[in-house]
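The block underneath contains the structure these notes are about, expressed in structure tokens.
The values are calculated or read from the model by the stated rules, or taken from the named source; none is laboratory data. Keep in mind the model is a prediction, meaning the values are calculated, not measured. Here Cβ is always computed from backbone atoms with ideal geometry, including for glycine, and neighbour counts include all displayed protein chains.
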Amino acid sequence: MSHFGRSLRQKHPTKLKISKALDMEEKVGRSRFKRVCVFCGSSTGKRNCYKDAAIELAQELVSRRLDLVYGGGSIGLMGLVSQAVHRGGGNVLGIIPKTLMCKEITGETVGEVRPVADMHQRKAEMARHSDCFIALPGGYGTLEELLEVITWAQLGIHDKPVGLLNVDGYYNYLLTFIDKAVDDGFIKPSQRHIIVSAPNAKELVQKLEEYVPVHDGAIAKARWEVEQEQQQQQVGFNGAATLQTEIAL
């Protein structure tokens, strides 16, 4: 056999190994999600750990090739996470009420910024375009957005995973409150599992990937969609009802 033939035989196993390695990398990196909605503050907070967590989350999304849906602002944690995802090559969709554009957009924006009429439409659009939800630390607005998507899951409007990035115990008191509500009979034990939490981005995203809805709302999801469709047929087209139905898609 010629030297050229021996050379080809020697290289062939290496090519197979490279191919198998690439296949394995693709399987490991593949996600059940395409777009992740991140709720977070228009402030960075007083501690560096919050800024670090926002950038870490953005890097985790980029590493998994996940696109970002967020509140559209260029300031605070919103600005940090959106800019980091955009720099990493991810697609970014920001949804913001027109009345907040002058307040929450003070610098250069990244990706697509989509103005909407009001806060209700913002939340509905963010939910409609996302496959799961993650809350970074934030204030009243972040908390309101988070609790609304939890409530929608409880009611069966969607069965998308909801996660808390519990940076340095930021959400410990909220989780304690939820446990208290379960203990006192205001939240069903099965509905406690609507929300998952973790102290870092890698662990949280992995938990969301593995999440399986077991609460009553997941069972009611199909029933909700049927009822919404019947209601629209009875009363005619209703934009708000249509948005609520699309959230579940």
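Here are the numbers for the structure shown:
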{"quantity": "Selection status of K202, modelled with pLDDT of 95 or more, buried (at least 18 other Cβ atoms within 10 Å of the Cβ) and charged (D, E, K, R)", "calculated": "no"}
{"quantity": "The lone exception for A53 - which of (1) over 13 Å from the mean Cα position of the chain (by Cα); (2) surrounded by 21 or more Cβ atoms within 10 Å (Cβ to Cβ); (3) at pLDDT below 95 it fails", "calculated": "(3)"}
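Results for (1) closer than 18 Å to L143 by Cα; (2) aromatic (F, W, Y); (3) at pLDDT 95 or above; (4) out of contact with any strand residue (DSSP E or B) (no Cβ under 8 Å at 6 or more places or on another chain), shown as yes or no for each residue.
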site	(1), (2), (3), (4)
G169	yes, no, yes, yes
F177	yes, yes, yes, yes
D183	no, no, yes, yes
R192	yes, no, no, yes
L208	no, no, yes, no
